[in-house]
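The block underneath contains the structure these notes are about, expressed in structure tokens.
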Amino acid sequence: MGGKTIAEARENLSFREYQIWAKYRAAYGNLNPMMRTEWAAALVASTLANVNRGKNDPPYKITDFAPHMQKEAISLKEAMDSWA
């Protein structure tokens, strides 16, 4: 975390501070500036694609334009419905 090795982080970071950072990351996303840049570019690309898509085409998602972002998991019911 913060450009330190795991050993350095264990030595310098309390468990409580780790919990605070984990909560922050869960709320605001990845701390990696390149991932944040990818997300921002994907947001712009998905917005432009959705503005220009056909009315019968499904909407684009941010993850369609961000190869390093994980897509949200779908439920078993959603998966089964998509296979029907």
As computed over the chain, the Cα convex hull volume per residue (Å³): 140 Å³
Computed log₁₀ I(q)/I(0) - Debye formula, equal Cα scatterers, no solvent, the stretch 42-84, q 0.17, 0.27, 0.30 Å⁻¹: -0.61, -0.91, -0.95
Tell me the trypsin sites (Lys or Arg not before Pro) within the chain that lie in a loop according to DSSP and have at most 16 other beta-carbon atoms within 10 Å. LYS4, ARG53, LYS55, LYS61, LYS71
Based solely on its DSSP helices, what 222 nm [θ] is calculated for the chain when runs of n ≥ 4 H residues each add -39,500 (n - 2.57) and the sum is averaged over all residues, nearest 500 deg cm²/dmol? -18000 deg cm²/dmol
So if we plug the beta-carbon distance of ASP64 and TRP21 into 1/(1 + (r/R0)^6) with R0 = 41 Å, what FRET efficiency do we get, rounded to 0.05? 0.90
Where the centroid of each part is defined by its Cα atoms, how far is the stretch 49-84 from the stretch 20-44 in Å? 20 Å
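Just so you know, all these numbers are worked out from the coordinates, no wet-lab data involved. Bear in mind the structure is a predicted one, so any value in this text is a computation, not a measurement. Because the Cβ atoms are built from the backbone with ideal geometry, glycine has one as well, and the counts that use them run over all protein chains shown.
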